[in-house]
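The values are calculated or read from the model by the stated rules, or taken from the named source; none is laboratory data. Computed from a predicted structure; not experimentally measured. When we count neighbours, we look across all protein chains shown, and the Cβ atoms used for this are built from the backbone with ideal geometry, even at glycine. The accessibility values were calculated without ligands, DNA or RNA, using every heavy atom of the protein model including side chains. Shrake-Rupley method; radii C 1.70, N 1.55, O 1.52, S 1.80 Å.
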Amino acid sequence: MIPGRAALAAFIAFLLAAPWLLTSFQVTLLDYIGLATLVSLGLVLLTGVAGVMSFGQQVFTGLAAYCTAVLTTRYGMSPWLTLPLGLALVAATALFLGAITLRLSGHYLPLATIAWGIGIYFVFGNLDLLGRHTGVPDIPALSVLGWKLDTGRRIYWLIWALALLALLAARNLLDSRAGRAIRALRFRSVMAESFGVDTASLKTVVFLYAALLAGLSGWLYAHFLRFVSPGAFNVNAGIDYLFMAVVGGAGQVWGAVIGASVLTLLREWLKELLPALIGYTANYDTVVFGALMLLLLQRARNGLAPAVARRLIAAPRGCAREPAAALARRGQPRAGERLLELRSAGKRFGGLVAVRELSFSVASGEILGLIGPNGAGKSTVFNLVTGVLRADDGEILFRGDAIGRLAASEIARRGICRTFQQVNLVGSMSVLENAALGAHLRGRHGTLGAMLRADRAEEAQLLQEAARQIERVGLAAHASDPASSLPLGQQRLLEIARALCADPVLLLLDEPAAGLRYAEKQALAQLLRGLRAEGISILLVEHDMEFVMGLVDRTVVMDFGEKLAEGLPREIQSDPAVLEAYLGGLE
Ligand code: ADP
Ligand code: MG
């Protein structure tokens, strides 16, 4: 059995045995841990994986809790009806808050989440309908098939069944097409967009999922405690949830359980221990708790889970799976067709003109070398063509259509794929998964399909394609290593494999041979020739002139943002202007 499965089995065995082995008080603690696990699991995905920090999850917990409290006590509604109603309310609120805040960057987003957390606390505390600061008592217990869940021991089963389902769904999600895209959101959203990921809506989906988990926890909480009051949903609660996610190990699904357990137990223990030590009761536990958190964050930056959890969620990935049907490929355009055309394109950064009046075209089936000294504007051209930047002047056409105003993901959809000069990989993901991210647009299953594992056939196809392209660039032996473990030259090769996974029409390679040894360069040149023979066109930026001149069909030379010369490699090599500006040392 793989370690992940064994640990999961042990965890489930513990959950099954716990109510028979533990005291009522201890089972109640486990209930609290389960409720907190749901919320912090949402934060693991939102903050730990997608990089969106929220201090405001208690808002969603509170909304669902109050929704069911009021509807069941005042209107006698069944809790099974208030669950979908509460979750709908949470979803609507999350979509509204997400729409106005998720675009915020830097510190503004966490601040906004604190702001709405403070706001809702006052709403809960000041509305007559919600019982003001005294809250809503006498909430009915849940009952399932006539079985009343009116004790901590009884509701335990429901809480942990839901928590376990949520954990497994989150694990499934991270190990999928959508999950790879989510894992790229944090630092690599430009790259993700370049492979067709709609990062804005993906962020919203993760935000929504985290909110719904918090809402589910709130609904359970109301029927577990049978009483709600604003105190449970103040800003402290939001901070606690975030602590749980971080302490557990914010990138790891199982970190949610670990964080929720550690914080819940620690709080409880301090509440008992400190009065016994000091002799009188005061809120010293909060102070000691804060100090312990500081210590923990300083000692274990990545949380407590990594050692355990990395095995749980990461081990099986990148292993050989059953052979799958090959993905469909698009037809390549007829050789010689005008594929990409820049017409007087220009780009300024403030006063600096990075690209000026630049015109050239790439024909289908050719390798065009784009050369020029550092700072000439080559990478900027790549950014203009792939939609990372917008040109200030001129036009960019791909197969006759203007693409200058299209979103990066739409340009990717049309078959323009690139590598980055500054390597742009998700370091914690395996080599295989990084490559598979390139095939994003060749799959269609989203988050829900992934959670329910309805995506397995497609996922096998995507991973098989990734494995094929990794093999092609010579990285097969490293498939399951984290991308960050590769030397820089091989990371560049991985970027090529990722771009190939997208089934490109036009490949834009930004200094692919930098950092490669001589033999590796030869192999790369051979690979690029092979791609050309398949009909893939290549725009190549590279400094190694021997490499470029032996490979390309034509060359465009740039200097200070302008085109200096254009022609066959041997014409360029003897062009006096080029020799003077750039190639001086070559002859
Ligand atoms: P190359 O790839 O040919 O070395 P670049 O396209 O990276 O050149 O850069 C061209 C010029 O534009 C350089 O002077 C660079 O400093 C500047 N530049 C590139 N990107 C940016 C940016 N995002 N903001 C400001 N200046 C930039
Ligand atoms: Mg560059």
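Gly336 is checked against (1) out of contact with any Lys or Arg (no Cβ under 8 Å at 6 or more places or on another chain); (2) at pLDDT 65 or above; (3) closer than 30 Å to Val49 by Cα and fails just one. What number does that condition carry?
It fails just one condition, (3).
The rows are residues; the columns are (1) more than 25 Å from Gly372 (Cβ to Cβ); (2) within 16 Å of ligand 1 (Cβ to nearest atom); (3) open to solvent by 10 Å² or more (accessible area, probe 1.4 Å).
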{"residue": "Ala483", "(1), (2), (3)": "yes, no, no"}
{"residue": "Leu493", "(1), (2), (3)": "no, no, yes"}
{"residue": "Ala499", "(1), (2), (3)": "no, no, no"}
{"residue": "Ala513", "(1), (2), (3)": "no, yes, no"}
{"residue": "Leu527", "(1), (2), (3)": "no, no, yes"}
{"residue": "Leu531", "(1), (2), (3)": "no, no, no"}
{"residue": "Val541", "(1), (2), (3)": "no, yes, no"}
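State which residue pairs qualify: first residue within 16 Å of ligand 2 (Cβ to nearest atom) and inside segment 411-439, second residue among the hydrophobic types (A, V, I, L, M, F, W, C) and open to solvent by less than 10 Å² (accessible area, probe 1.4 Å) in any location, beta carbons under 7 Å apart, and separation of 6 or more residues or different chains.
Arg418/Phe382; Arg418/Ala499; Arg418/Leu508; Thr419/Ile496; Thr419/Ala499; Thr419/Leu509; Phe420/Met191; Asn424/Met191
So, in segment 372-393, of the ones that are in contact with a Leu (Cβ under 8 Å, 6 or more places away or on another chain), of a type in the set (Gly, Ala, Ser) and near ligand 1 (Cβ under 7 Å from one of its atoms), which residue ends up nearest to Glu357 (Cα to Cα)?
The selected residue is Gly377.
Where in segment 470-587 are there helices (runs of 4 or more DSSP H), lying wholly inside it, with at least 1 residues that are within 22 Å of Ser379 (Cβ to Cβ) and in contact with a Gly (Cβ under 6 Å, 6 or more places away or on another chain)? Talk me through it step by step, then tell me what you get.
Details: elements: 488-501, 518-533, 545-549, 569-573.
Here the list reads 488-501, 545-549.
Could you check Ala7 against (1) touching a residue at least 40 places away in the same chain (Cβ under 8 Å); (2) under 16 Å from Leu162 (Cβ atoms) and say which number it fails?
So Ala7 meets the others, but not (2).
Counting only residues that are within 16 Å of ligand 2 (Cβ to nearest atom) and within 22 Å of Asp392 (Cα to Cα), which one in segment 354-370 is farthest from the chain's Cα centre (by Cα)?
Leu358
Give the number of residues within segment 347-371 that are surrounded by fewer than 18 Cβ atoms within 10 Å (Cβ to Cβ), assigned to a strand (DSSP E or B) and within 12 Å of ligand 1 (Cβ to nearest atom).
Selection size over segment 347-371: 4.
So for segment 208-226 (the condition being within 11 Å of the chain's Cα centre (by Cα) and open to solvent by less than 40 Å² (accessible area, probe 1.4 Å)), does at least one residue qualify? Walk me through how you get there before you give the answer.
Of the residues in segment 208-226, the ones within 11 Å of the chain's Cα centre (by Cα) are none.
Taking every residue of segment 208-226 in turn, none turns out to be within 11 Å of the chain's Cα centre (by Cα) and open to solvent by less than 40 Å² (accessible area, probe 1.4 Å).
If we keep just the residues of segment 248-257 that are assigned to a helix (DSSP H, G or I) and in contact with a Ser or Thr (Cβ under 9 Å, 6 or more places away or on another chain), which is modelled with the lowest pLDDT?
Per the criteria, the residue is Gly248.
When Leu524 is evaluated against the numbered criteria (1) among the hydrophobic types (A, V, I, L, M, F, W, C); (2) in contact with a Pro (Cβ under 7 Å, 6 or more places away or on another chain); (3) within 16 Å of ligand 2 (Cβ to nearest atom), which criterion, by number, is the only one it fails?
(3)
When Lys203 is evaluated against the numbered criteria (1) over 25 Å from Leu63 (Cα atoms); (2) in contact (Cβ under 8 Å) with a residue 60 or more places away in the chain, which criterion, by number, is the only one it fails?
(1)
Test Gly117 against the criterion of being over 30 Å from Ile12 (Cβ atoms) and buried (at least 20 other Cβ atoms within 10 Å of the Cβ), and give yes or no.
yes
Using the structure shown, decide if Asn434 is touching a Lys or Arg at 6+ places or on another chain (Cβ under 9 Å), assigned to a helix (DSSP H, G or I) and open to solvent by 20 Å² or more (accessible area, probe 1.4 Å). Give the steps one after another, and end with the answer.
Numbers: touching a Lys or Arg at 6+ places or on another chain (Cβ under 9 Å): yes; assigned to a helix (DSSP H, G or I): yes; open to solvent by 20 Å² or more (accessible area, probe 1.4 Å): no.
No; evaluated as a whole, the condition is false for this residue.
Just give me the residues in segment 375-410 being within 16 Å of ligand 2 (Cβ to nearest atom), under 17 Å from Asp198 (Cβ atoms) and open to solvent by less than 20 Å² (accessible area, probe 1.4 Å), in sequence order. Give the steps one after another, and end with the answer.
Pass one, segment 375-410, residues within 16 Å of ligand 2 (Cβ to nearest atom): 375-386, 388-389.
If we keep only those that are under 17 Å from Asp198 (Cβ atoms) too, we end up with 386, 388.
Thr386 - this is the single residue of segment 375-410 that is within 16 Å of ligand 2 (Cβ to nearest atom), under 17 Å from Asp198 (Cβ atoms) and open to solvent by less than 20 Å² (accessible area, probe 1.4 Å).
In contact with a Lys or Arg (Cβ under 6 Å, 6 or more places away or on another chain), not polar (S, T, N, Q) and not in a loop (DSSP other than H, G, I, E, B) - does that describe any residue in segment 386-396?
Yes, segment 386-396 contains a residue that is in contact with a Lys or Arg (Cβ under 6 Å, 6 or more places away or on another chain), not polar (S, T, N, Q) and not in a loop (DSSP other than H, G, I, E, B).
Considering segment 129-149 alone, what residues qualify as being under 16 Å from Thr82 (Cα atoms) and assigned to a strand (DSSP E or B)? Steps first, answer last, please.
Restricting attention to segment 129-149, the residues satisfying the condition of being under 16 Å from Thr82 (Cα atoms) are 130, 136, 138-144.
Within segment 129-149, Val136, Leu142, Ser143, Val144 meet the criteria.
Which residue out of Thr37, Thr93 is open to solvent by less than 10 Å² (accessible area, probe 1.4 Å), in contact with a helix residue (DSSP H, G or I) (Cβ under 8 Å, 6 or more places away or on another chain) and assigned to a helix (DSSP H, G or I)?
Numbers: Thr93 fails: open to solvent by less than 10 Å² (accessible area, probe 1.4 Å).
Result of the check over Thr37, Thr93: Thr37.
Among the residues of segment 150-165, write down those that are open to solvent by 10 Å² or more (accessible area, probe 1.4 Å) and either in a helix (DSSP H, G or I) or at pLDDT 90 or above (or both). Outline the logic, then answer.
Here is the first cut: in segment 150-165, the ones open to solvent by 10 Å² or more (accessible area, probe 1.4 Å) are 150-154, 157-158, 160-162, 164-165.
The answer is Gly152, Arg153, Arg154, Trp157, Leu158, Trp160, Ala161, Leu162, Leu164, Leu165.
Would it be correct to say that Ala314 is among the small types (Gly, Ala, Ser), touching a Lys or Arg at 6+ places or on another chain (Cβ under 7 Å) and either at pLDDT 75 or above or surrounded by 14 or more Cβ atoms within 10 Å (Cβ to Cβ) (or both)?
On the way: among the small types (Gly, Ala, Ser): yes; touching a Lys or Arg at 6+ places or on another chain (Cβ under 7 Å): no; either at pLDDT 75 or above or surrounded by 14 or more Cβ atoms within 10 Å (Cβ to Cβ) (or both): yes.
When the stated conditions are applied, Ala314 does not pass them.
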